[in-house]
Every structure is written in structure tokens, then in C-alpha cells.
């Protein structure tokens, strides 16, 4: 263990920005990084009330002697930097003394630490940045940091803390990020005496990922091992079929430090271009090993962002690493074929038969359907073209109806009526849907079970981080998939939009997925029913996204097009 020293004033000024402690998650991040730097292979985090009242981080790392324990709690003390040049070639994750002093300045902090060869440990208590006691302590090898009453002396900062659920979510996220990239470390997170995350020590990165994402997701990950121009890219990316509608399941590390970097993230996502639909993103855990002198980790107070010396080169290498892993893999998805009801042939085949086999001709009124409506004009339905567009006519017009847009509007308004009247009809799944979530997702879902129940999803806990979906809204049939629920969980956690807007957005998406699609076969009786149901809707003219349901073309326009009329 290197001795703790007091920094020179010139260095103090350069790292002053690193003192900022924004929320409980900031503390947990700093302490985890310090534990890893101290060689710990076991890090246990215990928190209460989302970290607002109590945070305890215990590790089995090197520990400190009494003198170093005292110095570690003073401002601008560190064992990792001795000159200005050291700031620009940082090989470690954090500065133990710098972090502890910053935390102690806004809380009541207790440091208990012991080195392996020592007969006893040391306990240091600090309140609002002032050391109030130092004494011997019986304790295991390593370091224990206990933080109580965060921001007790800075009420202006305390009032900006979020709810317990939100603060817990942030802590779980950062613990999860470091558990992902450190499989050799046993990481455990406990909140209010309930175990949230437990990733045992393992030498296998994929096994570690399965502890967090579940075995089903782990089986669909592709390994990356790429070396180019002195930069090594390692980790795992997902096959296209488990893409998400959000980027939060992308974890990017530089020298095992979790960072947010747009250049690296863009390279990752751009490598999937043409493989994923718009606004879909892969799951990824990528570690970039690079010469520390080629990056600057001090551009952000919490070191969450970095500055790259050669950003264009980094982009290209990350892009190449991901693209190579994708191109050398058979990406044909493996899925079980669902048993489908055999549908009637396309209407046009029936119509064509009239002209091809005159012996089977039927009167026009028996083949076409006349539909009486109120909001929409009365119409004669002739059939479907391209398995997408319903063709009908009124007295003066030709109507072209998008069958998918029509079905979307019907399902959307049906469900909204049920939802607003608190009478959502439920359909019990013959085979309940199993959700294997990561710890952060599990917390969000567990805290919002009533919300899901309002939408028609009966969800029950099914073991650690697993849930069973037993019912779905019956109006949507069997066309609700797991991705809808995952997106709901993500949006609830991010709080990007109001709850009412979130409900409407996801109801629209559920209607879209459940509606008859372009390419689906429908018969005349079904078309007639669609038109009657559409006519009963409040807004039968557009789908919930705003696309037109019906386009009309006047016969007079047709006559002009065929030069029948000037």
C-alpha cells in the first residue's frame, strides 16, 4: 500500500471538480471504484431509503493503516497522484482520499479499515468534513465505509434528491454496471434488508452476464475479441432479435471504467445498420483497453465522460470490432412456429374465378358486400389488393382502405373505452409469459404492478428478478409480446414523459402490434365487420399514429384520368 500524501496546490486546482457528490448513486460509484482499486474480490453494498439515510460499502481489499486512514479523509489527499503528469495517465478508477473527503463533507462518515498483517484495525469518524474521533477497532481485513444522513448540512442540495424508488434505481444501475465488467469480484447489493443483486465470483464473463440478464439473453450474445492499432475491444453484443427500443442496456467501459461516450456508442449502433429497424438498439457490454495517456478522464466531475485523443480512429476500431462479430455469425433467428388457424383464400382469387371459369359465375351481389354505415359513407366492398388495401365504392367515389390502419383504430379505441371505464377485459394466457429481468428492471416492475394491472396485465413475482404474466388485455388477442412490457418498464424508469402520455403511447403500440397487418388475409365477412366497427369509433378516419385509414378517389377524377371528361 502506497503512502497517502497531501497534494500540491497546482494539482488541487486541477481536480477540484471531482469533489461533486450529486446523489447517493455518486457515492456508491466512488466507493465501488475505490474497492476495486484496492484489489477487493468481494464488495457488498447495503443501503436504506434509497441511500438517503444509510450507505455501507464493505470490501476485502488491501485496507489502510491508521495514518493513511486519517489522511484519506482529508481534502485533496491520494495515494495515486504525485505530479500534474499523473492526472493524464490514470490507470486506476478513483482517488480514495479525494472521494472520501468529498463524501464526508456532506454527511456523517465512518471509515473502518485493516491491513492483513495488522493486529487491529482503525476507525475514523468524520462529520461535515471534520474528524471527530480516531480509535482502534476489531474488524476484518479490508475497508468498510458507512455514510449516514447525506446532505444533512446542505439542505438546499438535499431537497433535490428524488424519491426512494428513483434513488434506488440509480444505485442499482451503477452497481449493475460494475458487476457486469468485473466477473472476478463478488458484488452484492441489499436495500432495506432485501437482496437486490448478487453476482458471485466467476472467471467466465458470460456466466456473469447471465446473473444479470438471465440465461435466455446470455445465450443470444456474441463474443467480441478484437485488437487493432494498439486498442483492444472485448465483451459481448446481442443478436438482432433481442434488440431493445432504448439504449440503456449498452454498457461501455474504457480500461474497465464505465463511461458515457457518444463516439463509441455511435460506432456500436452504426455497425448494426440495416440489421435493426429504426429506433432499435443492441444490448452490449464492451470494454476498450487503451493506453491511459491517450484519454482524459477528468473532463467530467464524476469521470463519467472521457475525451479521446483520436476520436475518429476509436470510432472505426469499435465499428470494425462489432461489424466483424456480426458478419461472421449466422444471424438467422431460431424461433418456434406458432400453430395458426388455416385462413380462407384471398378474396381476389374468388373474384378471379368468376372470369376464368364462366360455369362458376355468380351474381355480383353474392360476391360483393353492401355495408350500411353512419359516420362513413355506405359502400360496396369488392375485395382486397396486395393483401393490404380494401377496395370499395360509394355512389360517387372509389375508396381505398388500409386494413392495418383500420384495425389499429378499432383496437385502440376499444381498449381506451374499457380502460377509461376501468373495465378492461382480461384474457388468461394458456402458457404464462416468463419475464427474466435484470435487477434494475425488476425493481421498476415490482414498484409498478398496480399500473400494469390497470392495463390488463396480471403480473406476479416468480423468484429473484423473474416475473410471470398471467393475463393480457383481451381486446388485443394473443398479440402482446415481451418487448412491449420491457419498453413499459424502461419508460416508467426514465420518466421521460408523463404517466398519462406513457399509457397512451403504449396502448397505441399494443393496438399496432395486435392489428391485422399488411399481408394478412381477410375475407368479405371480416371486412364488413371491420367497416361496421370502424364506423362506431370516435375518429374512424385515421389510425392512432395519425396515418389516414381511407383515401377516396372521385369517379369524376377517374374519368379525367382516362380522358373521358375534360
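The values are calculated or read from the model by the stated rules, or taken from the named source; none is laboratory data. Please read all numbers here as calculations on a predicted model, not as lab measurements. Methodologically, a virtual Cβ is constructed for each residue, glycine included, from the backbone with ideal geometry; neighbour enumeration extends over all protein chains shown.
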Is it the case that the stretch 396-419 has a residue that's touching a residue at least 12 places away in the same chain (Cβ under 8 Å), in a loop (DSSP other than H, G, I, E, B), surrounded by fewer than 18 Cβ atoms within 10 Å (Cβ to Cβ) and assigned by TED's automatic domain parsing to the domain that holds residue 546?
yes
For residue 75, indicate whether it is at pLDDT below 90 and surrounded by fewer than 20 Cβ atoms within 10 Å (Cβ to Cβ).
yes
Any residue at all in the stretch 528-546 that's part of a strand (DSSP E or B), within 19 Å of residue 413 (Cα to Cα) and either modelled with pLDDT under 85 or under 19 Å from the mean Cα position of the chain (by Cα) (or both)?
yes
Scanning the stretch 233-248 for residues that are in contact (Cβ under 8 Å) with a residue 40 or more places away in the chain and closer than 20 Å to residue 181 by Cα, the one surrounded by the fewest Cβ atoms within 10 Å (Cβ to Cβ) turns out to be 248
Only one of (1) under 20 Å from residue 292 (Cβ atoms); (2) surrounded by 18 or more Cβ atoms within 10 Å (Cβ to Cβ); (3) at pLDDT 90 or above fails for residue 99. Which number is that?
(3)
Against the condition within 21 Å of the chain's Cα centre (by Cα) and not assigned by TED's automatic domain parsing to the domain that holds residue 177, how does residue 424 come out, does it pass?
no
What residue, among those in the stretch 12-44 that are in contact with a strand residue (DSSP E or B) (Cβ under 8 Å, 6 or more places away or on another chain) and part of a loop (DSSP other than H, G, I, E, B), is modelled with the lowest pLDDT?
38
Would the stretch 425-432 turn up any residue that is outside any strand (DSSP E or B) and under 21 Å from residue 511 (Cα atoms)?
yes
In the stretch 425-457, which residues are in contact with a strand residue (DSSP E or B) (Cβ under 7 Å, 6 or more places away or on another chain) and without any contact (Cβ under 8 Å) to a residue 12 or more places away in the chain?
449
For the stretch 106-224, list the helices (runs of 4 or more DSSP H) that sit wholly inside it and hold at least 3 residues that are crowded, with 17+ Cβ neighbours inside 10 Å and in contact with a helix residue (DSSP H, G or I) (Cβ under 9 Å, 6 or more places away or on another chain); which are they?
164-181, 205-213
Any residue that is touching a residue at least 40 places away in the same chain (Cβ under 8 Å), closer than 22 Å to residue 425 by Cα and outside the structural domain of residue 195 (by TED's automatic domain parsing) - is there at least one of those in the stretch 458-466?
no
When the stretch 459-475 is checked residue by residue, the ones that are surrounded by 16 or more Cβ atoms within 10 Å (Cβ to Cβ) and in a loop (DSSP other than H, G, I, E, B) are 465
Residue check for residue 255: surrounded by fewer than 19 Cβ atoms within 10 Å (Cβ to Cβ), in contact (Cβ under 8 Å) with a residue 40 or more places away in the chain and closer than 24 Å to residue 56 by Cβ
no
Could you list, in sequence order, the residues of the stretch 51-71 that are in contact with a helix residue (DSSP H, G or I) (Cβ under 8 Å, 6 or more places away or on another chain) and under 20 Å from residue 199 (Cα atoms)?
55, 57, 59, 61
Any chance residue 271 is modelled with pLDDT of 90 or more, out of contact with any strand residue (DSSP E or B) (no Cβ under 7 Å at 6 or more places or on another chain) and under 29 Å from residue 199 (Cβ atoms):
yes
